[in-house]
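**Student:** Sharing a structure here in structure tokens format.
The values are calculated or read from the model by the stated rules, or taken from the named source; none is laboratory data. Computed from a predicted structure; not experimentally measured. Cβ coordinates were reconstructed from backbone atoms using ideal geometry, including for glycine residues, and neighbour counts include every protein chain displayed. Ligands, DNA and RNA are excluded from the accessible area calculation, which covers all protein heavy atoms including side chains. Shrake-Rupley method; radii C 1.70, N 1.55, O 1.52, S 1.80 Å.
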Amino acid sequence: ICRKKKIRSIIKHRYNCCTKPASDPAYIAENVLNREFHADKLNEKWVTDVSEFKYGAGDDERRGKIYLSVILDLCDKGPAAYVYGVHNDNPLVFTTFDKVMEANPGATPLFHSDRGYQYTSKEFRQKILNAGMTQSMSRVAHCIDNGPMEGFWGIMKREMYYGRKFKTKEDLIQAIEEY
């Protein structure tokens, strides 16, 4: 039936790269979340990460990348905030954090991330403390510690991104927004 209807699965390729850890982290948090991914109410537990998306093809000068920073609420597994950027850097992550706090004033969830340099910086730690949150981080090379976030990226990319070509940044952003 699948062959007749030209339906094909999208096989996830093996990805052997882990988060680029900070070379000199200012702060490393314990894994407080400890793979307890269930939340009974909104703003109880948030997980976050950044992922890369490419657009354009060949030697086209419009070829490039965008980075999507997302904070998921573990109660409904939906994005509490997301921000696009052209660089995977501190401003991207900080803007996402500011956006989620603006949408959820007074929220003090457990905030879990990997050990990327953005999340281990003094500035980010201060944002967490100012918000009255507890910070949690995955252990080195244990992607499953941030499983719901990694699962979100995997499902999103298989359903919306892999196997498609996006000619422009605008086309890619539109597809993400529609997704």
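**Student:** For K127, which lysines qualify as cross-link partners when the Cα separation must be under 19 Å and same-chain residues fewer than eight apart are set aside?
**Tutor:** Qualifying lysines at Cα under 19 Å: K45, K99.
**Student:** Follow-up question, since we're still on this one. Can you give me the accessible area per residue for the chain, using a 1.4 Å probe, in Å²?
**Tutor:** Dividing the accessible area of the chain by its residue count gives 62 Å².
**Student:** Follow-up. Could you please state how large a percent of the accessible area of the chain is carbon and sulfur, counting protein chains only and using a 1.4 Å probe?
**Tutor:** Roughly 50 percent, rounded to a whole number.
**Student:** In addition: Determine, for each peptide in 114-125, 134-145, 158-169, the mean count of other beta carbons within 10 angstrom over its residues, then list the peptides with the highest first.
**Tutor:** Descending packing order for the listed peptides: 114-125, 134-145, 158-169.
**Student:** Using 1/(1 + (r/R0)^6) with R0 = 41 angstrom and r between the beta carbons of Y162 and D76, what's the FRET efficiency to the nearest 0.05?
**Tutor:** Step by step, r from the Cβ atoms, then E = 0.95.
**Student:** What are the ³J(HN,Hα) values, in whole Hz, obtained from phi via the Karplus relation 6.51 cos²θ - 1.76 cosθ + 1.60 with θ = phi - 60°, for each residue of the range 148-163 in sequence order, with x given for Gly and Pro?
**Tutor:** Going residue by residue, I get x, 6, 5, x, 4, 4, x, 5, 4, 5, 5, 7, 10, 10, 4, x Hz, with x marking Gly and Pro.
**Student:** Now a separate question. Where does helix 169-178 land angle-wise versus the long Cα axis of the chain, in degrees 0 to 90, nearest 10?
**Tutor:** Once rounded, the angle reads 70 degrees.
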